[in-house]
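This report refers to the structure that appears directly beneath it.
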Amino acid sequence: MRAVVVAVFASVVVMSMASDAPGQPAAAPAPATRIGYIDVQRVLARSAAGVAAREQLEKERAGIQKEMDGRRQELEKLRDEIEKKGPLLTADARRDKQEQFERKRRDEGGDRSLDVAQRPKKAW
């Protein structure tokens, strides 16, 4: 931000010097140049449109978070089922459950913290 202000100031100085070419009568002094900036964070925090946009984003975020929590619980339930019933299932049934879990985990975004193969086995 500071670099932009400095660059604008420098260009104003250069343009004012170029207009004072040697051999020409001095022109009337130009009115003072005013430079301002916009604090976008402040505008978003205080304007009605900014507040409405933030509320809309929060609603969307809450909905997505609720959906993701539901999917995570579903994955944890499936993982627990595989861990508890795995020894009792046939090899094909266990493989099907593993594939179902892997497919859902991949669709979820690849959360490695739920990976059954990497979790330490419980000593019973």
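Just want the answer: with Cβ charges of +1 for Lys and Arg and -1 for Asp and Glu, which residue in A93, L57, S47 is farthest toward the dipole's positive end in the stretch 36-96?
Checked the options; the winner is S47.
How large is ³J(HN,Hα) for each residue in the stretch 47-58, as worked out from phi by the Karplus curve 6.51 cos²θ - 1.76 cosθ + 1.60 (θ = phi - 60°), to whole Hz, x for Gly and Pro?
7, 5, 5, x, 5, 5, 5, 5, 5, 5, 5, 5
Identify all aspartates and glutamates with a Cα-Cα distance to K85 below 20 Å; exclude those on the same chain that are fewer than 8 residues away in sequence.
E74, E76, D96, E99, E102, D115
Which of the aspartates and glutamates could be linked to K59 by a straight reach, that is with a Cα gap under 15 Å, when you skip same-chain ones fewer than 8 residues away?
Correct list for K59: E67.
The numbers here are math on the coordinates, done by the rules we state, and not lab data. Not measured: the values here are computed from a predicted model. In this analysis, Cβ positions are derived from the backbone assuming ideal geometry, glycine residues included, and neighbour counts consider all displayed protein chains.
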